[in-house]
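I have placed the structure first, in the form of structure tokens, so that the comments after it can refer back to it.
The values are calculated or read from the model by the stated rules, or taken from the named source; none is laboratory data. Note that this is a predicted model, so its numbers are computed, not measured. Reconstructed Cβ throughout: ideal geometry from the backbone, glycine too, with neighbour counts over all protein chains shown. Quick note on the areas: whole protein, heavy atoms, side chains included, nothing else; ligands and nucleic acids left out. Shrake-Rupley method; radii C 1.70, N 1.55, O 1.52, S 1.80 Å.
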Amino acid sequence: MNTSRNTKTALPSAFARHYEKLGIDSNLRARLESSASRIFDLGRRTTEQTFELGDHLDEASALLDEGIFDKWVKNRCGIAPRTARDYMSVFRNLGDFRDELVDLSAGSTVLFHLAHATHEQIREAIAYAEEHGQLRVSDVKDIVANGEEAEDKGARSDVFAAGGVTGLKALIALKTRDGLKLFVVHIQVILQAIGTALEQKRVIKEALAKEIEDLSRVARMELESLAQFVEPDSDLRRHPRSTQFPRKSEWAVVNETLQKLGLFESWPKSKDLPGWLRDEVVPVLEWAISKERKPTWPMALAADDNTMAAVVVDDAAELMPEAEAEQVDAPVGVEANPDRFAERFGDALEQATGGMMTVSSETPKARKQLEKVPPLAEDVPVGDFGATSADETSINEASSSPAMTA
């Protein structure tokens, strides 16, 4: 061995303590240090050195449990455990094509991706590299993806050929998996289009309809196909139809929202459109595709907010002079309280004029309401003005008009 290797083989005290902590005995330490020394000697990572590094790491991994190996390769060799497994995959899976890949000078990252391909895909990648003079990561990904797509199509054809209840279950599983994915993607596209429209100063109703109207119809049909049964029409039994979600249920609202989005004529007017989209459509559709385990139904919160807003409006209406005018015009019952009326009108007047005008809370004695209306005076002859009854005197005293003198 040369001098440099002897220097690297010498175990520093820090690593000695590390070996003791991992419970590795002295004999095993020597073999691991030999692997570590060869790893350090490799230097830069050429194609050939990538294979050699995978060989040394594979040898060391065979001596240790997986968890212990991860700690050793990270602390002793400075290589992340995941990267170490990539090198070992290159050594294990690409050994049959080593000479060809070395001749092509394939980079280590390319080899990492190629190590998880099938032998047919590896041969296709090598042929591609020989034809084009190079092999990139994107080239390997395309080759692997095309192979997986072809394999998936083959698997699907087998599913459609299987019969019986087992075959039907396989079709249902395929429908549930792929149909659900498509439904989620379509809702995401609708939400994205609505979000873009709401970011503008003005929502162009016709332009948004062109983007989401047809797609909303598709999403609604997908939802019914995934989640509803089929039943005969009660009137025309020859024409089956999808069952309905329970009335006023959350999914019924989702279905109705998609139905409304798919019918442009049912949309609110342009001035009310942004509020409808923002407060109703978006929350409902986001709930429908939420990945939370138990997403909170947003419209319950919206209903509570609307109730509170209605209460605030009613309270404010009591302070408005217009509302008070309507109350004055309305018939007043026997139990009406004019003092309360004056108090509320005074508050409204003071608020409207910024305190410039107020209504006195003191009621003049001459206008104080009588608790009991006095009986009408008895008829007095026209010529008899001499006698004045006590009741008549009371009425004259209560009058606010000045007395006339002859």
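How much FRET efficiency would the formula 1/(1 + (r/R0)^6) give for Lys294 and Ile204, where r is the Cβ-Cβ distance and R0 is 30 Å, rounded to 0.05?
The formula returns an efficiency of 0.25 here.
Compare Ser249, Ser26 by solvent-accessible area with a 1.4 Å probe and give them largest first, with all protein chains kept in place.
The ordering from most to least exposed comes out as Ser26, Ser249.
Top to bottom by accessible area (1.4 Å), largest first, where do Glu213, Glu265, Glu48 land?
Correct descending sequence by accessible area is Glu265, Glu48, Glu213.
At R0 = 51 Å, how high is the FRET efficiency between Thr196 and Glu66 if r is their beta carbon distance? Nearest 0.05 is fine.
That pair, Thr196 with Glu66, gives E of 0.60.
7 Å from Cα along Cα→Cβ at both Val218 and Lys271: what's the point-to-point distance in nm?
If labels sit at Val218 and Lys271, their model points lie 3.6 nm apart.
Give the accessible area for Arg98 in Å² (nearest 10); use a 1.4 Å probe, count only protein heavy atoms, and leave out ligands, DNA and RNA.
60
Might you work out the accessible area of Leu208 for me, using a 1.4 Å probe with all protein chains in place, and round it to the nearest 10 Å²?
Around 0 Å² of this residue is reachable by solvent.
Could you pull out the chymotrypsin sites (Phe, Trp or Tyr not before Pro) across segment 190-295 that fall in loop regions by DSSP (anything but H, G, I, E, B) with no more than 15 other Cβ atoms inside 10 Å?
Phe229
How far apart, in nm, are the 7 Å Cα→Cβ label points at Lys181 and Glu131?
Placing both labels 7 Å along Cα→Cβ, they lie 2.8 nm apart.
Probe radius 1.4 Å, ligands and nucleic acids left out: which of Ile122, Ile204 has the largest accessible area, and how do the rest follow?
The residues order as Ile204, Ile122, largest area first.
How much length, in nm to one decimal, is gained on full extension between Ala145 and Ser105, taken as 0.36 nm per residue of separation minus their Cα-Cα distance?
Working it through step by step, the gained length comes to 12.1 nm.
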